[in-house]
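Here's the structure, in structure tokens; my notes come after.
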Amino acid sequence: MQRVRRRAWVTGGGSGVGAACALVLATGGHEVVVSGRRADRLDAVVAAVRATGGVAHALPLDVADPAAVAAAGAQLEADGGVDVLVAAAGLNARRRHWDDLDLAALDGIVSANLTGLAHCVAAVLPGMRQRGDGQVVAVSSRAAVVRSPGAGAAYRMSKTGAGQLVASLNDDLHGEGVRATHLCPGDIATAFVDARPVVPDDAARAVMLTPDDVARAVAFVVATPARVRVDELVISPSATP
Ligand SMILES: NC(=O)c1ccc[n+]([C@@H]2O[C@H](COP(=O)([O-])OP(=O)(O)OC[C@H]3O[C@@H](n4cnc5c(N)ncnc54)[C@H](OP(=O)(O)O)[C@@H]3O)[C@@H](O)[C@H]2O)c1
């Protein structure tokens with residue numbers, strides 16, 4: 001199918017950074033497909049995009065379910081493919097340190113943040129390679145590049161792994177028109193920080209990045225010409241040491 005607009009698939013698109021990315025990319029002319037587990041949140045983002053005149057669709061999905069991800073990728077490919085994957089789906093757990101580690105939660109975090117990311121990439125990569133054009137923006141974390149004890153074991157494992165996943169993509173695919181970015185934001189004022197052992201108060205949230213700050217960085221990466229690859233981008237709240 002011939003598409004008029006470039007298509008962006010945004011996982012974690014029902015809230016926070018993913019929702020902000022969906023809005024900014026749609027405003028920039030992309031058709032956006034938003035995925036996450038909560039269909040009502042996706043529908044709200046689709047409605048918000050459409051209210052601005054943009055084009056959006058919801059594709060409910062658990063990125064930790066490989067069969068569901070493969071089916072979604074096949075559906076998207078049959079419908080014209082994906083030009084940009086913004087992988088923002090991610091989570092952490094309250095019991096994140098070894099004195100009290102929630103092992104079941106560790107599996108879920110790694111499945112969503114790392115292996116889920118790999119499955120999403122694998123679902124769109126053949127089409128990108130075939131067209132010789134594609135971008136992957138993995139919304140990782142500053143915790144992947146700066147020692148961050150507070151992030152906990154599973155999250156640190158998953159996000160440092162995401163960095164290696166992106167590096168492996170760029171190593172394997174250079175020259176094929178497919179580019180990947182390891183985007184590493186510091187603290188962002190979203191529902192995500194509610195899972196911390198000590199939930200930040202309003203004063204702490206006020207100096208964090210906003211989802212729009214991160215979405216602007218994603219839009220910058222996506223808008224770079226094909227000769228440019230942004231391998232890694234770290235964005236910190238300016239109040240952070
Ligand atoms: N907030 C921060 O301080 C911070 C800092 C650095 C990096 N990040 C990263 O930024 C990304 C976005 O987080 P956010 O801050 O915007 O928080 P958020 O609002 O909680 O967004 C996370 C999104 O991921 C989705 N998600 C979680 N598990 C999923 C799964 N198994 N399958 C599909 N979707 C899933 C959630 O939707 P459902 O629950 O509906 O599935 C949600 O929409 C995450 O990858 C996070 O690690 C956040």
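The values are calculated or read from the model by the stated rules, or taken from the named source; none is laboratory data. Quick caveat: nothing in here was measured; it's all calculated off a predicted structure. Note that each Cβ is placed from the backbone with ideal geometry, even for glycine, and that neighbours are counted across all protein chains shown. Side chains included, ligands, DNA and RNA excluded: accessible areas come from the protein's heavy atoms. Shrake-Rupley method; radii C 1.70, N 1.55, O 1.52, S 1.80 Å.
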In the stretch 8-31, anything touching a helix residue (DSSP H, G or I) at 6+ places or on another chain (Cβ under 7 Å) and assigned to a helix (DSSP H, G or I) is listed as Gly16, Val17, Ala19, Ala20, Cys21, Ala22, Leu23, Val24, Leu25, Ala26
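Just to be sure before I move on: is Gly53 open to solvent by less than 60 Å² (accessible area, probe 1.4 Å), touching a strand residue (DSSP E or B) at 6+ places or on another chain (Cβ under 9 Å) and not charged (D, E, K, R) in the structure I sent?
Values: open to solvent by less than 60 Å² (accessible area, probe 1.4 Å): yes; touching a strand residue (DSSP E or B) at 6+ places or on another chain (Cβ under 9 Å): no; not charged (D, E, K, R): yes.
Answer is no for this residue.
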Within the stretch 94-135, restricting to residues that are within 14 Å of the ligand (Cβ to nearest atom) and not in a helix (DSSP H, G or I), the one that is surrounded by the most Cβ atoms within 10 Å (Cβ to Cβ) is Arg96
How many residues of the stretch 171-217 are in a strand (DSSP E or B), more than 15 Å from the ligand (Cβ to nearest atom) and either surrounded by fewer than 17 Cβ atoms within 10 Å (Cβ to Cβ) or among the hydrophobic types (A, V, I, L, M, F, W, C) (or both)? The answer is 2
Across the stretch 29-61, the tally of residues that are under 24 Å from Val110 (Cβ atoms) and in contact with a Ser or Thr (Cβ under 9 Å, 6 or more places away or on another chain) stands at 9
For Ala143, the lone unmet condition from (1) farther than 26 Å from Thr27 by Cβ; (2) out of contact with any Phe, Trp or Tyr (no Cβ under 8 Å at 6 or more places or on another chain) is (2)
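I want to confirm something. Restricting to the stretch 1-50 and keeping residues that are among the β-branched types (Val, Ile, Thr) and open to solvent by 20 Å² or more (accessible area, probe 1.4 Å), which single residue is farthest from Ala217 (Cα to Cα)?
The first filter runs over the stretch 1-50 and keeps only residues among the β-branched types (Val, Ile, Thr), leaving 4, 10-11, 17, 24, 27, 32-34, 45-46, 49.
Then drop every residue that is not open to solvent by 20 Å² or more (accessible area, probe 1.4 Å), which leaves 4, 24, 27.
Working: Val4: 24, Val24: 10, Thr27: 14 Å.
Residue satisfying both the conditions and the ranking: Val4.
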